[in-house]
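Here the structure comes first, spelled out in structure tokens, and everything after it is commentary.
Just so it is clear, none of the values below were taken in a lab; they were calculated from the coordinates. Nothing here was measured: the structure is a model prediction, and the numbers come from that model. Note: ideal-geometry Cβ built from the backbone for every residue, glycine included; neighbour counts use all protein chains shown.
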Amino acid sequence: MTYETLVLTVDDHVATIELNRPEQLNSITSLMVDELVAVFAQTNDDPDVRAVVVTGRGKAYCAGADLSGGSKSLDAEERGWAEEVDDFRDGGGLITLNIFASTKPVIGAVNGVAAGLGATMLLPMDFILAAESARFGFVFAKRGIVPEACSTWFLPKKVGLSKAAEWFYTGRMVSSSEALDAGLVRSVHPADELLPAAYALAREIVENTSPVAVGMIRQMLWRFAGTDHPMDAHRVDSRLNYELGTTPDVVEGITSFLEKRPPRFPGTLPADAPASYPWWTEPEF
């Protein structure tokens, strides 16, 4: 599939998604929303993809929603949303829910400013690596709106309720070092070392682990982050290990360990997902 606002490449089981509106600081249009939803569906369905790296072209990662329409940019009537309020779905939420649903690990490589939707779309990614010059802005209160893209669910899980409140309430720009200290960012790098570090992490996952196991673990981590009791996880991990225990991936994992060699896992996703996956029922809007 060809995209107008993104560039997708796949090399050695690692997909790279580049936001590609550099002259507009990769600000997000309705077309980019649609393409981001589509590209994460594509990488999730591609058995050759085992990890995803997301970055921006040019000097910014993403400056947020395209506000070139001025004060009318978020006006519901101006954008034709008024008659659809009961069924309206925030575009940022469509992006983050598709990332949340991914069975492939997602690594954000933030090469510059990430503000508004540019910041919130990072939150369901598993790892965020940042350039030293990167800044993060949860600026919604400064624009008279509330945070979108499910970010009031995601951000406290990354940095805690108090820090999330501070960043949301003030709307100030957060440096890469502050984001690192708060736990939003995994690591900070000189600009020319950012993507190599992201790819090194992706390769560590790809070269050493079962893609089926990693995919199940990813969904378990994210979905059990909001449940009330560890019994929810116990039921699922018991069932998954029962189903995975006789698969070729387990045979290879044990054999390669005993033979002291790197594993060559044959399983892929989505084809080899366990029978009980998905174990949840998606909530209705």
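The relative contact order of region 137-215 comes to 27 percent, based on Cα pairs under 8 Å that sit 6 or more residues apart. The GNM of the chain, with springs linking C-alpha atoms under 10 angstrom apart, assigns the highest mean-square fluctuation among ASP66, ASP11, ASP45 to ASP11. Shape descriptor for the chain: Rg over Rh equals 0.98 (Cα atoms; Rh from the Kirkwood inverse mean 1/r). Distant-in-sequence amide contacts of GLY56, defined by a placed amide H-H separation under 5 Å and a gap of 5 or more residues or a different chain, comprise LEU19, ASN111. Among the GluC sites (Glu not before Pro) within region 1-47, those in coil by DSSP and having at most 13 neighbouring Cβ atoms inside 10 Å are GLU4. In this structure the amide hydrogen of LEU6, modeled in the peptide plane, comes within under 5 Å of the amide hydrogens of ASN20, none closer than 5 places in sequence on its chain.
Taking 8 Å as the Cα distance limit and 6 or more residues as the minimum spacing, I'd like the relative contact order of the chain as a percentage.
Working: 482 pairs, mean separation 47.9, N = 285.
Computed over the chain, the figure is 17 percent.
Let me spell out the model: positive unit charges on the Cβ of Lys and Arg, negative unit charges on the Cβ of Asp and Glu, origin at the Cα centre of the chain. What dipole size does that give, in debye rounded to 20?
Numbers: 24 positive and 39 negative charges, 181 e Å.
For the chain, the charge dipole is close to 860 debye.
For GLY64, the shell of other residues with beta-carbons less than 14 Å away shows a net charge of +1, using +1 for Lys and Arg and -1 for Asp and Glu. Counted by Cβ distance under 11 Å from ARG50, the other residues give a net charge of -2, where Lys and Arg count +1 and Asp and Glu count -1. What the phi angles of region 203-215 give under the Karplus curve with 6.51, -1.76 and 1.60, with θ = phi - 60°, is a coupling list of 5, 4, 5, 4, 7, 10, 10, 6, x, 5, 4, 4, x Hz, glycine and proline written as x.
Sort region 101-257 into rounded, prolate or oblate with this rule: let a ≥ b ≥ c be the square roots of the eigenvalues of the Cα gyration tensor; rounded if a/c is under 1.5, and if a/c is not under 1.5, prolate when a/b is larger than b/c, oblate otherwise. Mind showing how you got there, number by number?
Values: a/c = 3.11, a/b = 1.56, b/c = 1.99.
It is oblate, given that a/c is not under 1.5 and a/b is not larger than b/c.
Checking every one of the trypsin sites (Lys or Arg not before Pro) in region 80-152 against DSSP loop status and a limit of 13 other Cβ atoms within 10 Å picks out ARG89.
Give me the percent of DSSP beta bridges within the chain that run antiparallel, rounded to the nearest 5. Intermediate results must be reported in sequence, preceding the final value.
Details: 9 of 30 bridges.
Bridges in the chain are about 30 percent antiparallel.
Share of Cα-Cα pairs in region 210-285 beyond 18 Å, in percent? Walk me through the numbers on the way to the answer.
On the way: 1293 of 2850 pairs.
Pairs farther apart than 18 Å: 45 percent.
Taking the chain as the reference, fit the longest principal axis to its C-alpha atoms, fit the long axis of helix 30-45 to the helix C-alpha atoms, and give the angle between the two in degrees, 0 to 90, nearest 10. Roughly 0 degrees between the two axes.
Simple rule: put +1 on each Lys or Arg Cβ and -1 on each Asp or Glu Cβ in the chain, find the dipole, and look at LEU184, MET125, LEU269; the Cα lying farthest toward the positive end is LEU184. Using just the C-alpha positions of region 81-155 as equal point scatterers, what log10 of I(q)/I(0) does the Debye formula give at each q in 0.25, 0.26 1/Å? After summing over all Cα pairs, the log10 values are -1.20, -1.25.
About the Cα centre of region 1-60, how large is the charge dipole given +1 on each Lys and Arg Cβ and -1 on each Asp and Glu Cβ? Please answer in debye to the nearest 20.
Numbers: 4 positive and 10 negative charges, 61 e Å.
That gives a dipole near 300 debye.
The angle separating the long axis of helix 231-244 from the principal Cα axis of greatest extent in the chain is about 50 degrees. Here the dipole of region 164-285 is about 220 debye; that uses its Cα centre as origin and unit charges on the Cβ of Lys and Arg (positive) and Asp and Glu (negative).
Among THR170, THR120, THR96, the largest mean-square fluctuation in a Gaussian network model of the chain (Cα springs under 10 Å) belongs to THR170. Compute a Gaussian network model of the chain, connecting alpha carbons closer than 10 Å, and tell me which residue from ARG203, ARG235, ARG223 fluctuates the most. Fluctuation is largest for ARG235.
Shown for the chain: lysine pairs separated by 8 or more places, or found on different chains, whose C-alpha atoms are under 29 Å apart, numbering 14.
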